[in-house]
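Single-structure report; data block below.
The values are calculated or read from the model by the stated rules, or taken from the named source; none is laboratory data. Computed from a predicted model, the values in this text were never measured in an experiment. Positions of Cβ are generated from backbone atoms using ideal geometry, with glycine treated the same way; all protein chains shown enter the neighbour counts. Heads up: the accessible areas ignore ligands, DNA and RNA and are worked out on the full protein's heavy atoms, side chains in. Shrake-Rupley method; radii C 1.70, N 1.55, O 1.52, S 1.80 Å.
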Amino acid sequence: MPSHDNPHRIILLLGLVLWLATASWLPVAAAPVAQATFACTDVSEIPQSECQALVALYTSTNGPGWLSQGGWLATNTPCHWHGVTCQDGHVHALDLAENHLSGPLPPELGSLANLSVLDLGSFELPCNDLSGSIPPELGNLANLQVLDLSCNDLSGPIPPELGNLANLQELSLGVNHLSGPIPPELGNLASLQSLDLQNNPLGGPIPPELGKLASLQRLYLWGNQLSGPIPPQLGNLANLQQLYVVDTPLSGPIPPELGKLASLQRLYLRGNQLSGLIPPELGNLANLQELDLGGNQLSGPIPPDLGKLANLQRLHLWGNDLNGPIPPDLGKLANLQELSLSTNELSEAIPPELGNLANLQELRLGSNDLSGPIPPELGNQANLQEFDVGGNELSGPIPPDLGNLANLEWLDLNNNQLSGSIPPELGNLTNLQSLRLSYNDLSGPIPPELGNLTNLQWIDLNDNQLSGPIPPDLGNLANLEWIDLNNNQLSGPIPPELGKLANLQRLILSGNQLSGPIPPELGNLANLQRLDLYANQLSGLIPPQLANLSTVDYLNLGYNALTATDPALLAFLAVKAREWNFTQTVPPTSLQASALAGDQIVVSWTPIRYTSHSGYYEVSYATDPAGPFTVHGVTPDKTSNQYTLAGLAPDTRYFVRVRTYTPTHAFNPH
């Protein structure tokens with residue numbers, strides 16, 4: 001056996017000998033020392049063939065580039081190398097997960113006859129970067145219990161030889177580029193408990209032979225290109241706890257045989273092309289906790305039998321063609337936390353029994369054909385965080401009981417036929433982040449209590465019939481990013497308090513009857529991206545402070561009565577709102593008057609720029625500048641530049657007023 005003394009110590013001893021032997025004290029260069037080369041012939045812990053397999057793995061997968069390579073090819077004790085575990089003189093486990101392996105797997109791994117665990121995969125960064133195909137020789141590892149090659153760049157087919165691994169309990173090949181069909185031979189793996197083939201481009205049908213995997217507990221097939229129906233033989237997997245076949249274009253019906261999977265806890269068939277009815281037999285899955293059939297083409301009614309799933313926590317049936325009423329039986333699901341039935345064709349009323357779901361956190365019923373009132377009983381769901389019934393035909397008032405939902409973060413009632421006023425009780429929802437009540441028939445004022453919603457980020461009340469002023473209390477909503485009050489009948493001034501909303505990105509107040517000047521405080525909104533004050537009755541000078549809004553990429557001030565004189569502001573508007581002054585109903589300029597005959601005065605002016613819609617100039621007169629003014633007449637249109645007042649009293653001083661008038665039209669209905 002060669003000596004393994006410290007090479008640095010050898011160099012020091014040589015230097016001492018040379019110094020003693022050199023009487024002339026001349027400098028002498030030390031001879032280079034050769035580094036020892038690793039050889040499996042120097043290894044006695046494991047058989048030569050197993051050592052050679054480890055060397056082949058190191059060489060093929062860029063061993064010098066591994067994150068951890070402790071001992072590899074540096075010592076003759078491979079059982080102490082990083083990731084290697086030995087037992088009874090053989091390599092028992094090889095765990096090099098998340099270690100930056102790159103390159104192909106060597107076929108020599110098939111000679112590790114006693115290997116129990118081969119883990120070269122990961123589901124957390126950093127993954128390995130193995131490439132090429134899976135060696136069929138891995139099918140020789142008769143003692144293998146765990147094979148994890150997940151999260152790599154492996155390609156090609158799954159070798160059918162893997163079906164020879166009679167002791168295999170876990171097979172993880174997910175997140176690779178494996179293609180071709182799933183080998184039916186995998187159905188021979190009688191000891192298999194977990195089969196993970198997710199996120200590959202595997203194609204073809206699911207082999208019915210997988211129904212023979214009597215010990216299987218977890219089957220993950222999502223994110224592939226599988227086709228054809230779900231084999232009814234999967235209903236034979238009596239120990240199956242999790243079945244994920246998601247986002248792969250399977251078609252045909254859901255086999256009722258799946259209702260025999262008594263141990264099943266999670267059934268995910270989301271994002272396929274499954275059609276037909278939801279089997280009532282799924283109601284027999286007494287241990288089921290999560291059922292997700294969303295994003296398919298399922299039709300017909302929701303089976304009331306699903307109300308028997310006493311342990312169910314998540315029920316997702318969104319994005320199908322389901323019709324008929326929501327079964328009141330779903331109100332029996334006492335452990336339910338998420339109920340998503342949105343984007344179907346469900347009709348009739350929302351069952352008040354859903355108010356019994358005390359543990360519910362998410363209720364999504366949007367984009368259906370539901371009608372009738374919102375049941376007040378839904379206000380009993382103290383844990384509810386998300387409530388979405390938008391895009392239905394619900395009518396009647398918003399129940400004040402919704403103000404009891406203390407944990408609510410998202411409330412979406414938009415695009416219904418709700419009427420009446422907004423309940424002030426909604427101001428109790430202090431955890432609310434998004435409030436969407438748009439496209440309804442709501443009327444009355446905006447409750448100032450909404451100013452209590454200090455966590456609110458989004459408030460959308462557009463396209464209703466709300467009236468009265470904008471509450472200054474909304475200026476308290478420090479986290480607000482979006483406020484849309486467009487197309488209502490709001491009146492009065494824009495509250496200066498809105499200028500305190502430092503996080504605001506969109507302020508949309510168009511299509512109302514707001515009047516008065518634009519508050520200069522709006523120039524403080526440093527994060528504003530969109531400011532829309534279009535089609536109101538705003539007047540006066542635009543404040544120069546608006547030029548501070550450097551982040552604005554959409555600015556619409558059209559169809560008001562605004563003017564601007566500040567040079568910096570005009571330069572800003574020329575870039576951000578180039579045609580802002582084309583639609584302002586402002587007074588004409590350069591007004592002049594001259595007397596004609598004893599009872600006539602001719603008034604002339606420069607017409608305003610806005611002539612694209614009908615309108616006129618109203619000419620009034622008075623004998624006192626404070627009025628009262630009497631309307632003498634109007635011009636034919638807004639292009640007119642003069643008007644003659646006749647029939648006046650001679651030798652009388654008159655004061656003349658010219659006002660511009662634009663009637664309502666499609667772009668400014670107020």
Query raised in the report: Counting only residues that are open to solvent by 40 Å² or more (accessible area, probe 1.4 Å) and not in a strand (DSSP E or B), how many does the range 384-440 have?
Result: 17
Report task. Pick out the one residue from 373, 352, 304 that is more than 23 Å from residue 269 (Cα to Cα), free of Cβ contacts under 8 Å to residues at least 40 places away in the same chain, in contact with a helix residue (DSSP H, G or I) (Cβ under 6 Å, 6 or more places away or on another chain) and open to solvent by 10 Å² or more (accessible area, probe 1.4 Å). Result -> 352
Query raised in the report: Any chance the range 151-165 includes a residue that's assigned to a loop (DSSP other than H, G, I, E, B), out of contact with any Gly (no Cβ under 8 Å at 6 or more places or on another chain) and on the phi < 0 side of the Ramachandran plot?
Result: no
Query raised in the report: Does any residue of the range 310-322 turn out to be modelled with pLDDT of 95 or more, closer than 29 Å to residue 396 by Cβ and surrounded by fewer than 20 Cβ atoms within 10 Å (Cβ to Cβ)?
Result: yes
Query - Condition check for residue 114: out of contact with any strand residue (DSSP E or B) (no Cβ under 9 Å at 6 or more places or on another chain), part of a loop (DSSP other than H, G, I, E, B) and more than 25 Å from residue 224 (Cα to Cα) - result: no
Query raised in the report: Out of all the residues in the range 129-145, is one or more more than 23 Å from residue 48 (Cα to Cα), outside any strand (DSSP E or B) and touching a Cys at 6+ places or on another chain (Cβ under 6 Å)?
Result: no
**Report entry** Within the range 564-639, strands (runs of 3 or more DSSP E) holding 2 or more residues that are open to solvent by less than 70 Å² (accessible area, probe 1.4 Å)
**Finding:** 601-606, 616-622, 630-634
Query - Residue that is surrounded by the most Cβ atoms within 10 Å (Cβ to Cβ), among those in the range 327-344 that are more than 27 Å from the chain's Cα centre (by Cα), part of a loop (DSSP other than H, G, I, E, B) and of a type in the set (A, V, I, L, M) - result: 333
Query - Output for the range 185-199, where each listed residue is open to solvent by 60 Å² or more (accessible area, probe 1.4 Å) and not in a loop (DSSP other than H, G, I, E, B) - result: 185, 188
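Going by what's in this entry, would residue 490 be described as open to solvent by less than 10 Å² (accessible area, probe 1.4 Å), in contact with a helix residue (DSSP H, G or I) (Cβ under 9 Å, 6 or more places away or on another chain) and either within 26 Å of residue 580 (Cα to Cα) or assigned to a loop (DSSP other than H, G, I, E, B) (or both)?
Taking the combined requirement at face value, the residue does not satisfy it.
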Requested in this report: Inspect the range 126-147 for any residue being without any contact (Cβ under 8 Å) to a residue 60 or more places away in the chain, buried (at least 19 other Cβ atoms within 10 Å of the Cβ), out of contact with any Leu (no Cβ under 9 Å at 6 or more places or on another chain) and not acidic (Asp, Glu) and give the result as yes or no.
Outcome: yes
Requested in this report: Identify, by number, the condition in (1) among the polar types (S, T, N, Q); (2) open to solvent by 60 Å² or more (accessible area, probe 1.4 Å); (3) free of Cβ contacts under 8 Å to residues at least 24 places away in the same chain that residue 642 doesn't meet.
Outcome: (3)
Query raised in the report: For the range 226-249, does any single residue satisfy the condition of being modelled with pLDDT of 95 or more, among the acidic types (Asp, Glu) and outside any helix (DSSP H, G or I)?
Result: yes
